[in-house]
Amino acid sequence: MRLAFMGTPEFAVPSLSALMQSGGHEILLVVTQPDKPQGRGMHLQSPPVKATAVQSGLEVLQPASLKGAAALKDMLISSRLDAVIVVAYGKMIPEDWLPITRLGFINIHASLLPELRGAAPINRAIIEGKSTTGISIMRIEAAMDAGPVFRQTSTPIGDEEDAVGLSRRLSVLGAEKIIEVLPLIEKGSLQPRPQDHTRATYAPMLRKEEGEIDWNQDARTICNRVRGLVPWPCAYTYLHGRMLKILRASSEQAHHGYAPGTMIKERRGIRIACRDGFIVPLDLQMEGKKAAGCEAFSCGLRTDRDILGR
């Protein structure tokens, strides 16, 4: 098949690599987002998809916006593409672009649609405490993530699995499934099924303020937030006015008489009281410092008890 590929983050790389290695597809063009300044030095960094494509000698375009990108649209039309594969590109595809290829724009979405439409389905699945998620391969329509679905594959979410690990697993699963279904789509032997829009739920983009922990919540809810908000914005609280990120934690159900947010120093770590038990941080990062394990962190505490929060 004659294909173009649109994607940006690490999540999209396994799909691009699988398509390049499959032997049955020709990738004529890769479209990704512009390089962005990152790190303390704010040096320009290429998106992972660009790095992979350039290393493989593929043509790469990085438009700042698809609106008004007439030259790119014309290039896609003149390339006589069978389909455009979209994986976490990060921008909506203009509606007037959707008919320009023979089989349309085919998207790999990291949820079991119509659940968790939107930008952050992996994070939201964990934050909401779901036990199962998956991959949907669907045809893009004008409304966000509302197009018909060719195939879905489910997978359990591990009790301790965080968004980084789940993203890695789903990226590989999506790559495997797109290779399986593309020949069937090309032959016409796999037809997409419309979604039940009445069952739609949404996974909006993460906001930094969502990371602040409310210690009045139950332990499982807080742990789900810790797992779901890595690597950004991370679950955080405040200790003596400085931000304290909790990068990894477990929970304990227990009756206690502590006020929510009370941090108790122990011989090899700390526990933090919440509504129905304790959060036991495993990895933490104090503002301006490197991440540390719980035992090393507790050694630096001046008192055996403290109250976390603003």
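The values are calculated or read from the model by the stated rules, or taken from the named source; none is laboratory data. Computed from a prediction, not measured in an experiment: that's the story for all the values here. Backbone-built Cβ (ideal geometry, glycine too); neighbour counts: all protein chains shown.
A few notes on this one:
- Condition check for residue 7: surrounded by fewer than 22 Cβ atoms within 10 Å (Cβ to Cβ) and not aromatic (Phe, Trp, Tyr): no
- The residues of the stretch 144-176 that are crowded, with 21+ Cβ neighbours inside 10 Å, under 24 Å from residue 188 (Cβ atoms) and either free of Cβ contacts under 8 Å to residues at least 24 places away in the same chain or among the aliphatic types (A, V, I, L, M) (or both) amount to a single one, 175.
- Condition met for residue 248 (of a type in the set (Lys, Arg), within 21 Å of the chain's Cα centre (by Cα), modelled with pLDDT of 95 or more and surrounded by 15 or more Cβ atoms within 10 Å (Cβ to Cβ)): yes
- Top-ranked residue in the stretch 271-310 [being part of a helix (DSSP H, G or I) and under 29 Å from the mean Cα position of the chain (by Cα); ranked as farthest from residue 256 (Cα to Cα)]: 297
- The condition (being under 24 Å from the mean Cα position of the chain (by Cα), farther than 26 Å from residue 118 by Cβ and surrounded by 16 or more Cβ atoms within 10 Å (Cβ to Cβ)) is satisfied by just one residue among 200, 235, 219: 219.
- Residues satisfying the stated conditions in the stretch 105-127, i.e. crowded, with 24+ Cβ neighbours inside 10 Å and either assigned to a loop (DSSP other than H, G, I, E, B) or not assigned by TED's automatic domain parsing to the domain that holds residue 73 (or both): 110, 111, 113, 116
- Selection within the stretch 208-255: residues that are acidic (Asp, Glu) and in a helix (DSSP H, G or I). The member of this set that is farthest from residue 122 (Cα to Cα) is 209.
- A count restricted to the stretch 75-108 and to residues that are more than 19 Å from residue 135 (Cα to Cα) and among the β-branched types (Val, Ile, Thr) stands at 4.
- Among residues of the stretch 41-91 being part of a loop (DSSP other than H, G, I, E, B) and in contact (Cβ under 8 Å) with a residue 60 or more places away in the chain, the one that is farthest from residue 20 (Cα to Cα) is 90.
- Exclusive hit being at pLDDT below 95 and of a type in the set (Gly, Ala, Ser), set 134, 158, 68, 129: 68
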